[in-house]
Every structure is written in structure tokens, then in C-alpha cells.
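Only one structure is covered here, and it is reproduced in the block below.
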Amino acid sequence: MTELNEKLERVCTAFRIPGTLESWHEIKQGNVNRTFKVTFRQPDGTEKSYIVQRVNTYVFEDPEAVMDNIDRVTEYLHKKDPHRKVLHFHHTEDRKNHVFDENGFWRLFNFIPSRTFDHCEDLEIVHNAGAAFGEFQMQLRDFNAADLNETIPYFHNTRKRYQDLEKAVTEDPCGRAAQVGREIEWVMGVKEKACTLTDLYEREELPLRVTHNDTKINNVLFEQEGTKAIVVIDLDTVMPGLVGHDFGDAIRFAANREEEDSRNWENAGMNMEIFREFTEGFLEHTANVLTEKEIDTLAISCFSMTCELATRFLRDYILGDPYFKINYPEHNLVRTQCQIALARDMECRMEEMAETVRRCVSKYRT
């Protein structure tokens, strides 16, 4: 029996999983936590599978706060609609949804047979992903966002992200700033527009909501056959935020004609069909609840989230790549260039994007 096998068995025992461990394998998708699918032979002879994760405590410095948020949100969703599929995290005998031992910080939840999409041009899938994130927002609309922990401080404070970039440029510890003068100049030139959401929130013109904060399309589980969305997953970054954070980041990821680290970054730009379908799905569930100011800022939120990520990639490159995982020396620079190309195209299409939002709101508001 391997050391890892023994660790997984001990974790599952702590979470009171009945039966014997039959098999396990590591799931390589994801860059933060270490994930395993484990299958148990239950006392009645049937098999049942679970997901075991070792949480990255470098990224999440307070993992107990992360799990407290997850517990609050999943229990709230289950009580609100017991028949809807919700991630089910198991608890130890002393009612903790995590195990913290010498081997790390662990959690366990039920495995849901499903499929995911890293990238997708099937418009029905895209529409249903937008609907899934829109429903997630609406299911939690009465949840007091202030009750949640801010697990990553200033996560979507765009002005703070710009300040961090400016500091990195000034310090320039690796002597790289001179190489990226054009990128710095462009990003800094759109600073005020990029900070629109942060400034409106500071002026109390946008309401705080419970937000997912990682609305990539691959964080929606879909049925194995067909196009129906089952449940939104990866709740590590659920915390207080703005609706534009979720909408804008989803569009930034899903509607780019190129992947976010494509070496063909010159071709990056908006796929407006993807934008329209995601917007349709999202607003089908949210149009009746969002404020006028929130609706007015959905288009600019895409630009804001894209610029914010560009500042983060650029800062990381200047500092010597301490945060984002890289596969080659210029990886973060390529990522920066791709986000800048996408943001440029968004600027050109801003009115078209805003008009699409307005049409969807008119269609779904009752």
C-alpha cells in the first residue's frame, strides 16, 4: 500500500465514509488544489465515488475561512431548494467540513457523474452556462454577503491591482520593466476606465452581492449526455463582490477568440455570438433583480475584468513570475498581451455589447 493510498484512506475515515477503498486516481485538471477521485465498496456491496481535495494553503492562507464560506453557502442553497443539486461536503464526527493534519488541509464531497468544457463554441452549452451562473446569483440574492469571509483581500479591487503594478514597475527587481514599456503604457492609459466598477462601489452606487469570482465555463458541471447544466462548482472564491465581477470574468474567459495564454495573441478578440448567448442565459435569470446601475455596467465589467487580469499578469512578469504557474519564461508576458488585445477589441465593441445587454433585459424583464 502506497503512502498516498494510506493518506487518502485516513482522510476518508475521518469523514466517516463507510466501506473499503477500492480505487483512486488523481484528476490533473486545475492549477491550485490537488484532486483525487476515490471509489469505495459500500457495506451493501455497491460502489460509490467521492472527490477528495488537498487545499493549497499557499494560495488560500486561511483555508478554514474558505470552508466556512462554502459551508454557509451550500447549506443555504440546500435549505432553499432541497430538490436542486448542490455540492455536498462531508463532515467529520465533530462537524467540521475539513481535516487539517500533518499531510495538509483536506476536504471531501460527493462525486457527480458529469462532463465539463474548458472551451466551447456550442451556443446551447454557452447559454446554459450563463444561466447556471445567473441562477447561482439569484439563489443567493437574499443571502447577506457581509456574513461571508473575504478569503482573498482586495481580490477584485481594480485600483489596488493598479497600485500593485505601479509598485512593481518602480521596484523592477528583475530588470524587466524596460522590456514591457508598450504594455505598461497601454494598461496605464486605460486605468480610469478599467477602475469603473471599483469606483462605483466606493461611491455606494453598486450593491454588494454573493459572487462566485471564478466564473470559467469549466466550473459548471453538465449532464453526461445532452446540454443541461447540473451545478456550479469550485466555490473556493465565493465571497462578497459585484455582479459585474462574475459576468465580466465569464465573458473574458468564454468569449475570447483565443485562449488566454495563446501565442497568437494578436488574434484575440470578442466572439460576439458567445457573448450574446452567455448574456441571454445570464439575464434570463437576473434581469428582474439587478439594479439599473448594475445592468448599465455589465458591458464595461468585461473590459474592467480583462484589464485587471492584464495588470496581474504584467506585474507577475515584472516580479519574476512568483504567483502564476508558467511553462516558459515569457508565459506571463504572452498572457498580458492576449488580455490587452482582448480589451482593445472590447473597447471597439462596447456599444454593441451594451445594446445586447439592453435587448436581453427588455426581453426577460416582466
Checklist outcome for this item: Diffing the stretch 146-162: the Karplus 3J(HN,Hα) column from phi (6.51, -1.76, 1.60, θ = phi - 60°), in whole Hz with x for Gly and Pro, holds 5, 7, 8, 6, 8, 6, 10, x, 6, 4, 10, 8, 5, 4, 5, 5, 5
Checklist entry - How much net charge surrounds Lys363 when only other residues with a Cβ under 12 Å from its Cβ are counted (Lys, Arg +1; Asp, Glu -1)? => result +2
Checklist entry - Angle, helix 63-80 long axis vs. longest principal axis of the chain, Cα atoms, 0 to 90°, nearest 10? => result 80
Item to check | Most positive-pole-ward Cα, Asn271, Met350, Phe143, against dipole of the chain from beta carbon charges | outcome: Phe143
Checklist entry - Which far-off residues, 5 or more places away or on another chain, put their amide H under 5 Å from the one on Glu22, with H placed in the peptide plane? => result Thr39, Phe40, Arg41
Checklist entry - Going by a ≥ b ≥ c, the root eigenvalues of the Cα gyration tensor, does the stretch 93-148 fall in the rounded group (a/c under 1.5), the prolate group (a/b larger than b/c) or the oblate group? => result oblate
Next on the checklist: Using Cα-Cα distances under 8 Å and only pairs 6 or more residues apart, what relative contact order does the stretch 179-243 have, in percent?
Outcome noted: 32
Checklist outcome for this item: Given the candidates His127, Pro153, Gly175, the one whose Cα lies deepest towards the positive end of the charge dipole of the stretch 77-214, counting +1 at each Lys or Arg C-beta and -1 at each Asp or Glu C-beta, is His127
Checklist outcome for this item: At R0 = 22 Å the Cβ-Cβ FRET efficiency linking Glu166 and Glu347, nearest 0.05, sits at 0.50
Checklist outcome for this item: Mean accessible area per residue over the chain (1.4 angstrom probe, all protein chains present, square angstrom) is 47
Next on the checklist: With only alpha-carbon pairs counted, each pair once and no self-pairs, how large is the Kirkwood hydrodynamic radius of the stretch 103-205 in angstroms?
Outcome noted: 18.6
Next on the checklist: Given axes a ≥ b ≥ c from the Cα gyration tensor, I'd like to know whether the stretch 134-189 is rounded (a/c under 1.5), prolate (a/b larger than b/c) or oblate.
Outcome noted: prolate
Next on the checklist: With the cut-off at 32 Å, tell me which of the pairs Lys80/Lys325; Lys37/Lys325; Lys48/Lys79; Lys7/Lys160; Lys37/Lys160 have Cα atoms farther apart than that.
Outcome noted: Lys80/Lys325; Lys7/Lys160; Lys37/Lys160
Next on the checklist: With +1 assigned to the C-beta of every Lys and Arg and -1 to the C-beta of every Asp and Glu, and no other charges, what is the dipole magnitude of the stretch 140-198 about the Cα centre in debye, to the nearest 20?
Outcome noted: 160
Item to check | the chain, accessible surface, carbon-and-sulfur percent (1.4 angstrom probe) | outcome: 45
Checklist outcome for this item: Along the dipole axis of the chain (charges at Cβ: +1 for Lys and Arg, -1 for Asp and Glu; origin at the Cα centre), the most positive-end residue among Tyr50, Phe36, Ala310 is Tyr50
Next on the checklist: Rounded, prolate or oblate for the stretch 23-147? Axes are the square roots of the Cα gyration tensor eigenvalues, ordered a ≥ b ≥ c, and the cut-off for rounded is a/c under 1.5.
Outcome noted: rounded
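If packing is taken as the average count of other Cβ atoms within 10 Å, what order do 71-81, 336-346, 93-103, 207-217 fall into, highest mean first?
Ranking the peptides 71-81, 336-346, 93-103, 207-217 by packing returns 336-346, 207-217, 71-81, 93-103.
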Next on the checklist: Rounded to two decimal places and with Rh computed the Kirkwood way over Cα pairs, what is Rg over Rh for the chain?
Outcome noted: 0.98
Next on the checklist: In whole Hz and in residue order, list the ³J(HN,Hα) couplings for the stretch 224-234 that follow from phi through the Karplus curve 6.51 cos²θ - 1.76 cosθ + 1.60, θ = phi - 60°; x for Gly and Pro.
Outcome noted: 5, 10, x, 10, 6, 6, 9, 6, 7, 10, 6
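The values are calculated or read from the model by the stated rules, or taken from the named source; none is laboratory data. Keep in mind that what you see is a predicted model, and the values were worked out from it rather than measured. Here Cβ is always computed from backbone atoms with ideal geometry, including for glycine, and neighbour counts include all displayed protein chains. Quick note on the areas: whole protein, heavy atoms, side chains included, nothing else; ligands and nucleic acids left out. Shrake-Rupley method; radii C 1.70, N 1.55, O 1.52, S 1.80 Å.
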